[in-house]
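Undergrad: Before anything else, here's the structure in question.
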Amino acid sequence: MKYINSANKKLIFLLVIVFALFSITGCAKKIQFQRSAVVPAADGKVKVKKDGNNNYSVGVSVEHLAPAKNLSPAKDTYIVWMESDDHGTQNIGQLKSSTGFLSSTFKGSISTVTPYKPKRIYITGENDP
């Protein structure tokens, strides 16, 4: 009978941890937003993850977002839109915006679940949510 020495135990343990990390993070897709000419300082990310019910969890977060009232022309709010092959374009909600706890940086976020696979996600300034 062969015994596993401590160096091999450490290697096996390390491989198990690496595999676990890849399997956890491999399920979600995180995509960076393209910069906008209207709000060039805004920096956003979209995270899409398919769940066990074949639905898609969509999370959108944006930092350095200008208040909608500062757009030209001024708007009341930001709306997040999703395009899919199966259902066209749909409004998935209003971006909740706030400032940071210790900073004046404007941030916005929204999380939702949809049965349709997102093809494209974008944000527009609107007068009516």
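Undergrad: Leaving ligands, DNA and RNA out of it, work out the accessible area of Tyr122 with a 1.4 Å probe and give it in Å² to the nearest 10.
TA: 60
Undergrad: Now for a different question. In square angstrom, what is the accessible area per residue of region 59-129 with a 1.4 angstrom probe?
TA: 62
Undergrad: Which pairs in the list Lys47/Lys75; Lys47/Lys107; Lys49/Lys69; Lys47/Lys96 are over 21 Å apart, alpha-carbon to alpha-carbon?
TA: Violating the 21 Å Cα-Cα cut-off are Lys47/Lys75; Lys49/Lys69.
Undergrad: If you don't mind, there's one more thing I want to ask. Contour minus end-to-end for Arg120 and Leu71, with contour as 0.36 nm per residue of separation and end-to-end as the Cα-Cα distance?
TA: Full extension of this stretch gives 15.3 nm more.
The values are calculated or read from the model by the stated rules, or taken from the named source; none is laboratory data. The structure presented is a predicted model; accordingly, all values stated were derived computationally and were not measured. These accessible areas exclude ligands, DNA and RNA; they are computed on the full protein's heavy atoms, side chains included. Shrake-Rupley method; radii C 1.70, N 1.55, O 1.52, S 1.80 Å.
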